[in-house]
Amino acid sequence: MEGNTKHNIGYGTYILVWIALLAFTSITVTIAGVNLGMFTLFIALLIAAVKSALVINIFMHIRFDEPIFKVFLALSGLTLLIIFSLTFLDYIYR
Amino acid sequence: MSNHGTEAALLHTHRDDTGAKMGMWLFLFTEVLLFGGMFLVYAVYRFKYPDQFHIAAMELNTAVGTLNTIILLTSSLTVALSIAAIQKGNRFLAMMMLSATLLFACMFMVNKFFEWSTKFSHGIYPGSKELLARPNGQILFFGLYYVMTGLHGLHVLIGMVILTFMLVFIKGKTINPDNYIKLENSGLYWHLVDLIWIFLFPLFYLIQ
């Protein structure tokens, strides 16, 4: 069992992350009730990004795994970003 | 079944847990591109029909969506706990947590079932007369809603099958404190299912 993970996360850490996720969920639901126009969408996506970061880093263990996994993640995120950007650049300026 | 004799040990398959994990992540990225593509379609059409999307979204039940979010987040917790348990050699707890994950998954699907059937009974489904009579933006919203939550639901079902196999493997000791990469990879898949929902939720249920 090499390289798997020398760092075993305890139950407590997982539970703390879960509580944080629930907190962010309640924040995002509450904010949705407040009318801030375009801003609401931005905040909702921002909170979703924070929740994702928690899930990816701790539940999915990226934070404690070999660096190559972070590289993988960065590359795929970049790909998605490029796809979205190019599509919108096209669509907006038609 | 694997051999345990000394000569056979030399023929034993080479184990590469990091490689296995890499393989799983690569697969997850293909899933991200799959759903990413659909999110892209959503983004463009929401940009084009912001008001229609808003009107259509009001017909979705935010409370059920929130409940489902909480259910999936908790199921991610339990699957992570089951891995922690097997690492600590607590087979019983690992199986309990895995069972809890499966239970939450069931609850999610039951909610989905009621959500969808309510919509159907109101005449809102892809291709329905009632839906097609509405403005373009609303038709698109519901089309995206059904396809994306439907595909997501399918992934939940597949995840349930996978996790059930893991339960069997733990029971049969195929998965044990010295070899639990299968469980970790299944956990990764499950977290992805949760991640996709983390984005689906605000985009469909929180456009108020």
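The values are calculated or read from the model by the stated rules, or taken from the named source; none is laboratory data. Keep in mind that what you see is a predicted model, and the values were worked out from it rather than measured. Ideal geometry is used to build each Cβ from the backbone, glycine not excepted, and the neighbour counts take in all protein chains shown.
In the list B:195, B:183, which residue meets the criterion of being of a type in the set (A, V, I, L, M, F, W, C), touching a residue at least 12 places away in the same chain (Cβ under 8 Å), out of contact with any Lys or Arg (no Cβ under 6 Å at 6 or more places or on another chain) and not in a loop (DSSP other than H, G, I, E, B)? Just a single option satisfies the conditions, and that option is B:183. Give the residue that is farthest from residue B:78 (Cα to Cα), with candidates limited to residues of region B:110-150 that are under 15 Å from the mean Cα position of the chain (by Cα) and crowded, with 16+ Cβ neighbours inside 10 Å. Top of the filtered list is B:148.
Residue selection: residue B:173 fails the criterion of being within 14 Å of chain A (Cβ to nearest Cβ) and either basic (Lys, Arg) or at positive phi (or both). Taking the stated definitions as given, is residue A:50 of a type in the set (Val, Ile, Thr), touching a Leu at 6+ places or on another chain (Cβ under 7 Å) and at pLDDT 95 or above? Against the criterion (of a type in the set (Val, Ile, Thr), touching a Leu at 6+ places or on another chain (Cβ under 7 Å) and at pLDDT 95 or above), residue A:50 does not qualify. Within the set A:52, A:26, A:76, the sole residue that is under 22 Å from residue B:78 (Cβ atoms), crowded, with 16+ Cβ neighbours inside 10 Å and among the polar types (S, T, N, Q) turns out to be A:52. With respect to the conditions (1) within 30 Å of residue B:43 (Cβ to Cβ); (2) within 14 Å of chain A (Cβ to nearest Cβ); (3) more than 16 Å from the chain's Cα centre (by Cα), residue B:182 lacks only one, and its number is (1).
Away from chain A (no Cβ under 14 Å) and in a helix (DSSP H, G or I): is that true of residue B:104 in this structure? Spelling it out, it is not the case that residue B:104 is away from chain A (no Cβ under 14 Å) and in a helix (DSSP H, G or I).
Consider region B:158-208 and keep the residues that are farther than 26 Å from residue B:145 by Cβ and acidic (Asp, Glu). The one that is modelled with the lowest pLDDT is B:178.
Only a single criterion out of (1) assigned to a loop (DSSP other than H, G, I, E, B); (2) under 24 Å from residue A:57 (Cα atoms) is not satisfied by residue B:59, namely (2).
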